[in-house]
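The values are calculated or read from the model by the stated rules, or taken from the named source; none is laboratory data. Computed from a prediction, not measured in an experiment: that's the story for all the values here. Heads up, the Cβs are rebuilt from the backbone with ideal geometry, glycines too, and the neighbour counts pull from every protein chain shown. What goes into the accessible areas is simple: the full protein's heavy atoms, side chains included, and nothing from ligands, DNA or RNA. Shrake-Rupley method; radii C 1.70, N 1.55, O 1.52, S 1.80 Å.
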Amino acid sequence: MATTDVFFMARCPRCGEVILHRKVSIFTIQGQGKVFISCDCGFLICAIAPQGKKHYAVDIWSDCCEEPHRFVFTLGQLLKNSLALACSRTDIHLGYLGDRRSILAEVIDRDILSLSESFSLWGFFSAMEIIDGVLKRLYVLMSAGKVQCHDCGEDLDVRIYRDRIGVCCPHCRNGGFLLAAKEQDLLLMQQAEGLILRKDGINMVYGNKMKS
């Protein structure tokens, strides 16, 4: 089945505490005329709107320029590619937009050091190697469709903090945090075969067993 969702990944330039992952339906964009993507702190990061019959305009905030930059893509580009958005004046990385699997595949191939450089996150993480391993395992499970909300399916919001990763369903808010500060946190995540988001937190799946 062809996807109709656009995946968005960026760091909030205002609070700087998270990297956002959001999935937006093309049908929602067409129906509402414009979709806004904001951080929990309230800062508006991105807006996506139809432009004509075959294109979509993407406005994403550039903190260094203190204004949004506009990018225009076809529907095919949004649904089939990993589009790296960068400031046209400074070449600073602003975020990713496009096909979820393509973006996750690109991010999996990079370590947290290069992502830190892209998103200006030097000194942000408390344990760089641990959060790198937990994040990569999460992306592998997401790419395989093995991270799901117990009630709503596979639609996810992911937030990356200094020592943990928040994963929740944007519809019912099921979910919780994956700890990423100690070796034990990484070991548990590497052994997990799947994640199920529930109202009381995240269950890790190990074979036929689950652990909160």
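For segment 41-81, a residue qualifies if it is assigned to a loop (DSSP other than H, G, I, E, B) and over 26 Å from A105 (Cα atoms), and the qualifying residues are C41, G42, F43, G52, K53, K54, D63, C64, C65, E66.
Just to be sure I understand the filter: pairs with C-beta atoms under 6 Å, separated by 6 or more residues or on different chains, first member in segment 136-152 and surrounded by 15 or more Cβ atoms within 10 Å (Cβ to Cβ), second member part of a helix (DSSP H, G or I) and polar (S, T, N, Q). Which pairs pass? From segment 136-152, the pairs are R137/Q190. Residues in segment 39-55 that are open to solvent by 40 Å² or more (accessible area, probe 1.4 Å), modelled with pLDDT under 90 and either under 14 Å from K23 (Cα atoms) or among the aliphatic types (A, V, I, L, M) (or both): 0 in all. Given the condition of a type in the set (D, E), open to solvent by 30 Å² or more (accessible area, probe 1.4 Å) and out of contact with any Ser or Thr (no Cβ under 7 Å at 6 or more places or on another chain), answer yes or no: does some residue in segment 157-166 qualify? The answer is no; no qualifying residue exists.
Every condition in (1) surrounded by 18 or more Cβ atoms within 10 Å (Cβ to Cβ); (2) over 16 Å from the mean Cα position of the chain (by Cα); (3) modelled with pLDDT under 85 holds for R100 except the one numbered (2).
Among residues of segment 182-202 that are touching a residue at least 40 places away in the same chain (Cβ under 8 Å) and part of a strand (DSSP E or B), those with a Cβ under 6 angstrom from a residue that is open to solvent by 40 Å² or more (accessible area, probe 1.4 Å) and of a type in the set (D, E, K, R), sequence gap 6+ or separate chain, pair up as G194/K146.
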